[in-house]
Ligand code: GDP
């Protein structure tokens, strides 16, 4: 099932909406605060060590990076947010680009939001969730670096986050959350299953959709 995820290949980085690839098929976007662990999570989920390094090359960090899985499916790495030292105009440009992406993109099926489980649901994360709710996009939270907490503490964070999601988003979108560790490779199958479901990777049974 995860096989198609291993095919991920960089297509392009877009700094403007007119640079996006054709809006067809299925797309899942991955977002997160800088340093939350998004690149590590992407690498482990796809099994491709160098994948997210592409998004970290100078000049690409402010772009939306598109990775092709097959003819119809793409993973999309959104630029990391929440850098305190980023100048306001740069932050505003980022915000416009991501908002336009969420608003325009018909093929977008869901957004994975990566958070450090020790600092979940920061103000930036909340803003991201509000945009997703506004665009009626389902969200899956990866609470990563779970290896940094005891099992009990990590589980408590998960329950708290799930409670907050249920409270804030029960009317709008299906928002789910899980624990994850790129270091220990925990939660990888669960994350892969979410992507596969959103991108209908297993849809091989019977005619039609
Ligand atoms: P990004 O800026 O969100 O792409 O974050 P990175 O993937 O580059 O990770 C930021 C830092 O956190 C790096 O030093 C990683 O080694 C570390 N990191 C990422 N994921 C994990 C994890 O699951 N466990 C631990 N202990 N460290 C992690």
The conditions are (1) assigned to a helix (DSSP H, G or I); (2) surrounded by fewer than 20 Cβ atoms within 10 Å (Cβ to Cβ), and residue 13 fails exactly one of them. Which is it?
(1)
From the residues in segment 38-54 that are in contact (Cβ under 8 Å) with a residue 40 or more places away in the chain, near the ligand (Cβ under 9 Å from one of its atoms) and buried (at least 23 other Cβ atoms within 10 Å of the Cβ), which one is farthest from residue 90 (Cα to Cα)?
44
Residues in segment 144-187 that are under 24 Å from residue 44 (Cα atoms) and either modelled with pLDDT under 90 or not in a helix (DSSP H, G or I) (or both) total 17
Confirm whether residue 9 is closer than 27 Å to residue 86 by Cβ, more than 15 Å from the chain's Cα centre (by Cα) and away from the ligand (no atom under 16 Å from the Cβ).
no
Quick test for you: out of 157, 112, 139, pick the one residue that is surrounded by 17 or more Cβ atoms within 10 Å (Cβ to Cβ) and closer than 17 Å to residue 35 by Cα.
112
Six or more apart or on different chains, Cβ atoms under 9 Å: show the pairs whose first residue is in segment 143-158 and over 16 Å from residue 185 (Cα atoms) and whose second is assigned to a helix (DSSP H, G or I) and within 11 Å of the ligand (Cβ to nearest atom).
157/146; 158/146
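The values are calculated or read from the model by the stated rules, or taken from the named source; none is laboratory data. Small disclaimer: the values here were computed from a predicted structure and weren't measured. Positions of Cβ are backbone-derived with ideal geometry, glycine not excepted, and every protein chain shown enters the neighbour counts.
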